[in-house]
1. Residues ASN751, ASN756: which one is open to solvent by 20 Å² or more (accessible area, probe 1.4 Å), in contact (Cβ under 8 Å) with a residue 24 or more places away in the chain and not in a strand (DSSP E or B)?
2. I'm told ALA809 meets every condition in (1) of a type in the set (Gly, Ala, Ser); (2) under 16 Å from ALA747 (Cα atoms); (3) in contact with a Leu (Cβ under 8 Å, 6 or more places away or on another chain) except one. Can you identify the failing condition by its number?
3. Can you report the number of residues in region 121-159 which are open to solvent by 50 Å² or more (accessible area, probe 1.4 Å) and touching a helix residue (DSSP H, G or I) at 6+ places or on another chain (Cβ under 6 Å)?
4. Can you name the number of the only condition in (1) open to solvent by 70 Å² or more (accessible area, probe 1.4 Å); (2) on the phi > 0 side of the Ramachandran plot that LYS644 fails?
5. Could you list, in sequence order, the residues of region 852-874 that are at pLDDT below 75 and not in a loop (DSSP other than H, G, I, E, B)?
6. Has region 103-113 got at least one residue that is modelled with pLDDT of 90 or more and in contact with a strand residue (DSSP E or B) (Cβ under 7 Å, 6 or more places away or on another chain)?
7. Of everything in region 348-357, what is under 16 Å from TYR257 (Cα atoms) and either of a type in the set (Val, Ile, Thr) or open to solvent by less than 30 Å² (accessible area, probe 1.4 Å) (or both)? Give them in sequence order.
8. Which of (1) farther than 30 Å from ARG5 by Cβ; (2) of a type outside the set (Gly, Ala, Ser); (3) under 31 Å from the mean Cα position of the chain (by Cα) does ASP158 not meet, given it meets every other one?
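The values are calculated or read from the model by the stated rules, or taken from the named source; none is laboratory data. Keep in mind the model is a prediction, meaning the values are calculated, not measured. For neighbour counting, all protein chains shown are included, and Cβ atoms are generated from backbone atoms with ideal geometry for every residue, glycine included. Heavy atoms of the whole protein, side chains included, go into the accessibility calculation; ligands, DNA and RNA do not. Shrake-Rupley method; radii C 1.70, N 1.55, O 1.52, S 1.80 Å.
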Amino acid sequence: MTLKRAKSIDELYEEVRDFDYVLTCDAALATALNAKIDDYRLGGFAYTPKQIAGMLETQVLGEKAYSDLETIEAIEKETGFDFAYIHGELENIRDIMKYTENVEGYLPTRKSKTVLEAYYRLPTLHRLMQIYEPDLYRTEFSGKRCAVIGVEFFNQLDKKFIPLEHTEIDLFGKEEFSLDTVYAIGNDRQIAGSVVDLISPETADDTAIILDASGPIADAVRSALYRKKIPFKNGLDVKDLSQIRDFVEFLSLALDYETLRVADVRELFSAYQKGNRVKDKEYSFLTPKMDRYLLSRVPFDKETDPTTRRLMETMRDIRQMTFGEAMERLFEGWPQRKTSVAILVDAMHLTEERITSVLVNRISYAVNNISDLKHNEQVPEYEKRGVLLADCRNAYYVDRPFVIFIGLDSSWDVTAAGKDYVDKEALEEQNADRISILLQQGEQRIYAVKPVTDGKETMPGSAFQTIYPGKRIENFADICGEYRKGTWFTSKEREKVATGESGVAADPEPEDFSKSTYNNYADCPLKYMFGLLVPTEDNDKAIFGNVLHDFAEFYFCYPETVKERGLDYYVERLNTIYAGISSDAMEELDASKFRVFLRNITRFIDRVRPEEVPLDSTQSGRSHPNIFMIGEGMNSTSSMTEAKFDSKAPLFAKYDLCIGNIIFDYKTGEANDAKSIRTKFSRTGNRFSEFQPLIYLQALSENRGVPCSFKLFYLGANLIESLSDDFDIMRNVREIRLCSETLPELAFGLNGSVYNNAMSKAKYQPLNGRWDIVQAELTDMYANGTLSADADTTELLNMLGLKHTKGNADMITGVFKLAVKELENDYLVIGDDTVLVPSDSMKKFVERLTADHAACTHEKMIPVYQLKKGRLDCKQCNYRKICIKAEEEAEDGTE
């Protein structure tokens, strides 16, 4: 697998050295080019647009640009809006400004537009970049020859600084580049230890590590570097200063003084104990034995421990103090630690303000979110050099000879989710190009990845699918010459329990998957096992759903009885059932909710119910008989409701309602659109699986044939709109349809997803009426393995009788791209409410489920503590406590 070769820093310098100045959006590249200067120059050479903006602020704005803090406070004073709200809106506004000048058009509320109007009246660097035009201002750059490197990476603000006369320098050459070897090492700690072993203090200045700077791998790498005493370059923000973190924590805890226990403050007090000495010894009366005591009830001898007494009294009286007075008390005899805190508090104009929870939250928010807050601490000299740690999400060029790349997985992804103003396809291509450049940095390179993430094989980041168009990227072996496992870690086979003397069978009796048990297994084998072993109590959500399901079945079978008694009668009954797990305060709200849900159920069933419903079944033998039928003395029900389909595959479906070849399932939770439903068919990411539609469709197809549908009815969707009599209740329905066609047949066919996507855009209209030709060619290319985003357009243009113009070629390339993108998923989404399941995708799903069934059948013979953890974050699991207990027992050697 190859990608475009990026030009090196030396090559770029040779191209631009004769220009007067250079523009690039990558600050690291600008720094590297400036370091290459080998002749005398007056002034600088390479700049980013933001750096030039900072140089011109007085000339363009007429004054110094406001800092973020000054900007927020000015808007707060003008509008009266909340501090944190303004900061969040500014971050959003600045992001929009990077992509479009129509900022107001993408602000959803009048309130956010008010922030924008106030922001435009202030002298800020972003505002300067928005209004700047290089040919309207006479600056030191006017009339000079300018080279622009990588203009495709410039955002809308950056482009403002490109002069009319300039030369564009491409970042890529004509040659190709390939990743030689990707090393699968182990978990974060093992990766950190392994890569740091390759570095010595002598080579630290020549080394860079590219990683997810905000993820756990970054902490693991920093710890490994510290342990080996290898220096690395470090910034120093306000939030990195311990005295500021301790100050904010002290104030936050003090506001709850009456409920604090010694355990809450003991470690914090010890931080203030250092430097406050009694008889030349650091001392604290607080001990771990006192952790359960209320702090306010602990007796102290003022002479024995004056510092702790002073800290306690400061906490007790905190609401009567100003921030300045609290600083004086806390840092008594410790002026050097007070200075940075005082600079922060003074910059926020809070020194003379009385301490309140609102103002403490304000400081905490500013410390954690505003990057340009000032402090007087200096970065230690040893932290100005050493290993460079660069963020994988924004780095381009790295001027180090030895570069280590860690991750290459989803942590490297850059997403445009929720940003309607961003051209998502353009962003994907831009990010792919950026990563292509990044992966080529250094003269020697190491690519280190985790082979397994949360119990599942780690997948390369989504950008690699764009980097290598036309090839389905499923694992790291697909992006490199050699995927080497085992170099730095030892793979251990799972231990098996011996059989024989104990008389234990090799495999237990197989049990088919239900929707719940298979979802659990797909999430985590441990979750599946505990789900079988440990009963779960019904919670309020489960009971709420159960009674609504009972009502739906009752109304489907006996609609006249419900109409005769009226909905209010059943609302009152439901409220009585539900009151035991709800609360008195919620009674009226519960009744309103039930009334809406019951009304929606009756409207939906009236739409789908056939004229004749056979009451051909009874409730005898049900573990949970229908409470409404029992209450009315009715035992007969219909085989259309609450019945079961078996399957040749190891699965079964117990449905709410089945009419012909359609299963209906009632949902009381939050409504999902078609894309969200499809996403839950995936086994990647930290999200719960939901394979119910696929399981039920397989069982239904074996019993009723193909095509068939599984329809989700969300009882509470469009809650307000559904109050109207004119509301179409079918808007609350989502359909998952099993088709007889294969994935390419569905994707490429007339009215298929590729066709619909294409026909929604004007540039593809010449293909309207000729799509049968396009479909035939796409199908052949797919079958021959030649379908790719950059495939030759000549043959299809000839078949269509179109001229070989650039516009027509681009149109056909666009079709290829649409087709390739559509085939990235096994399931197709049509609009917001329909998912199509191709026959070959269903076959693949059933094969995987069958293999999983064989695996879990064997795993039932393995001690629980030997099962591998799944991909989910354990904090989301209902069985977390007992699972942790099992692991602890395993460490003790017990089973």
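1. ASN756
2. Exception for ALA809: condition (2).
3. Selection size over region 121-159: 0.
4. All conditions pass for LYS644, except number (2).
5. Within region 852-874, VAL864, TYR865, GLN866 meet the criteria.
6. no
7. Passing the criteria: ILE355, THR356.
8. (1)
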